[in-house]
Each structure stands twice: as C-alpha cells, then as structure tokens.
Amino acid sequence: MDDKPAIGLLSGRRIALPETRELDRLVRMFEEQGAETLRCPLVAIRDVPDPAPVREWLSRFPFDDLVLFTGEGLRRLHGFAQRSDLEPVFLDGLRTARKITRGPKPERALRELGLKSDLRAEEPTTDGLITTLSALDLRGRRVGVQLYPGNPNTPFTDFLRQAGAEPDPVLPYVYAAAADDDKVVELIDRMANRAVDAIAFTSSPQVQRLFEVAAATRREEVLRTALRGMQIGAVGPVVAEDLRRRGFDVAITPDHSYFMKPLVSAIVAAFSR
C-alpha cells in the first residue's frame, strides 16, 4: 500500500492572495491543492469613523425594502445596532422589510441571522439589481440602501427616485490599507520576476490598491506586464469587470457561485487543462 500523500493539482504553483478577512481560510484551500501561497493582504475593512449617520439611519427602521449590496455591510450594520442599543429594532426591521440582495454574500449574512433574501438580482451587479427591480411597483416605498466604500451608486439611487421610491442610503464601513506599501511593492516585483503563477482577487478594492501603489512607485507598467504574463482569477463579475476595464483578460472566474471555494476550483481547473 502506498502511504505517500497525494500530490495536489496545484503542486509547484505559487498563488498570490490579496485577501484579508478570510485569508487563512483561502490559504488553507489552496495549500490543500498543493499550492504555495504568497500572502499580501491589500485592504482592511473598518467601521466608518463617524457612527452618527449610521445610528440615525438605523433609527429610521423599518423600511419597506432593504437593498443589501454586501454581506460585510449587513454585519457592520448589525454591529452598530448592537452598540447603539438598537438591535431589537434592527432585527424586527429586517424581518418585516422586503430584503433585496445583489449577490450571494449578503444572502449568507442574512442566513447568519436566521433570515433569508426575498429577492435576488438576476446578475450580481448594480445593473442586475435595476433590471430585477424594474419589474416591480416601487411607488411610495421607503427603500434602505446599504452602500459600500468608493461607490455612492448614484445610478441606483437615481433609478429608485425615478421609479417613485424614496431611497435612504447608508455607508457602514470603509477600506483601509492592510499592508505597508513596501509589502505591496515586493509583491509587484515578485510578480514581475515571474515568481508567481496566478493571483486570486476577491474584491475590487484589492485591484484598486494594487494599481495605486504601482502608480505611486512608478511601477504601473511593470505591474501591467506582470499581470499579462500570469493567470488572473476573479471571484465574480464585479471584480472581473474592474480588471477588464483596466485592459486585462480575466479567464478564471467561477461559473455561478461567487465565493472563494468556487474560485479555488476554477484556478485548479485552469492549471489542470
């Protein structure tokens, strides 16, 4: 009987991981496939510095509809509600509102609270939400809108107003640098030296931070050349579209379920061809 461990399908491959919040879990999944991982968390998530607007928004619960763009946003709102002694109001409001989700991550956050989405976007994008909601009568409905950093999403709130609704947006968290610029520069240089086989992006802010540091250190063209010479993985269509707008072909994305495990499976499949 052969007692040697099975060689993973990613044996000999080095994968760069810019993830932060679930980095250890993502590392474990890749290493179980035999990969060597290169950790470089690019973006940290923080509560908004001024909690007053979030508390005021929570005090206006319940809404007729609640649009959740991200799972992180719902978790942060729950945290604010707990610290402001508004948790019962918040949870009651969640139960009574029609809960509309952009994609699977806010659905998972709802399940953590024992709830589920009432309506999911046809595609996990702002345009997908607009298409889904265009079929509904929104006149006179108060709509809470959980935003995410860097995107006030004016097209979406304008759509709601034009449909006769009353949008009430809130931004519960912000992004911050998770690694020193020197660490990011080191990652870019290792990619440029072909020491990395693939990079697995799990959010658009990771892409943005990587390019910001590259521009600030005059390495933007170095980064572009490096990315074109390696496999690029994106967890879902929002991240993939961000990369395509920057001129990159993203060949590795999950087919339907936009989570980390399907992303790992897609990268395994790409290197197994």
Name the pairs whose Cβ atoms lie under 6 Å apart, with the first residue in region 153-178 and more than 21 Å from R60 (Cβ to Cβ), the second assigned to a strand (DSSP E or B), and 6 or more positions between them or separate chains? V174/R46; Y175/V43; A176/A44; A176/R46; A178/V43; A178/A44
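Return the residues of region 172-182 that are touching a helix residue (DSSP H, G or I) at 6+ places or on another chain (Cβ under 8 Å) and surrounded by 19 or more Cβ atoms within 10 Å (Cβ to Cβ); say none if nothing qualifies.
Narrowing region 172-182 to residues touching a helix residue (DSSP H, G or I) at 6+ places or on another chain (Cβ under 8 Å): 172-173, 175, 177, 181.
Passing the criteria: P172, Y173, Y175.
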For region 80-111: of the residues being among the acidic types (D, E) and part of a helix (DSSP H, G or I), which is nearest to V143 (Cα to Cα)? D92
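Yes/no per residue for (1) among the hydrophobic types (A, V, I, L, M, F, W, C); (2) in a strand (DSSP E or B); (3) closer than 30 Å to K116 by Cβ; (4) not assigned by TED's automatic domain parsing to the domain that holds T125:
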position: G8; (1), (2), (3), (4): no, no, no, yes
position: R28; (1), (2), (3), (4): no, no, yes, yes
position: G34; (1), (2), (3), (4): no, no, no, yes
position: L38; (1), (2), (3), (4): yes, yes, no, yes
position: D50; (1), (2), (3), (4): no, no, no, no
position: R55; (1), (2), (3), (4): no, no, yes, no
position: V67; (1), (2), (3), (4): yes, yes, yes, no
position: L74; (1), (2), (3), (4): yes, no, yes, no
position: H78; (1), (2), (3), (4): no, no, yes, no
Among the residues of region 145-158, are any at pLDDT 95 or above, farther than 23 Å from P205 by Cα and in a helix (DSSP H, G or I)? yes
When you scan region 231-253, how many residues do you find that are crowded, with 16+ Cβ neighbours inside 10 Å and touching a strand residue (DSSP E or B) at 6+ places or on another chain (Cβ under 9 Å)? 13
The one condition in (1) touching a residue at least 12 places away in the same chain (Cβ under 8 Å); (2) in a loop (DSSP other than H, G, I, E, B) that H256 fails to fulfil: (1)
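Count, please, the residues in region 143-164 that happen to be closer than 25 Å to R75 by Cα and buried (at least 16 other Cβ atoms within 10 Å of the Cβ). I'd like the intermediate steps shown before the answer.
Keep residues of region 143-164 that are closer than 25 Å to R75 by Cα, which gives 143-157, 160.
Keeping just the survivors that are buried (at least 16 other Cβ atoms within 10 Å of the Cβ) gives 143-149, 153, 156-157, 160.
Looking only at that region, the number is 11.
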May I ask you to verify whether G8 is more than 26 Å from F156 (Cα to Cα), surrounded by 15 or more Cβ atoms within 10 Å (Cβ to Cβ) and touching a Ser or Thr at 6+ places or on another chain (Cβ under 6 Å)? no
Looking at the structure I just gave you, is R60 out of contact with any His (no Cβ under 8 Å at 6 or more places or on another chain), loosely packed, with under 14 Cβ neighbours inside 10 Å and either basic (K, R) or not assigned by TED's automatic domain parsing to the domain that holds E122 (or both)? yes
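The values are calculated or read from the model by the stated rules, or taken from the named source; none is laboratory data. Predicted model only: the values in this text are computed from it and were never measured. Every residue, glycine among them, receives a Cβ derived from its backbone with ideal geometry; neighbour counts consider all protein chains shown.
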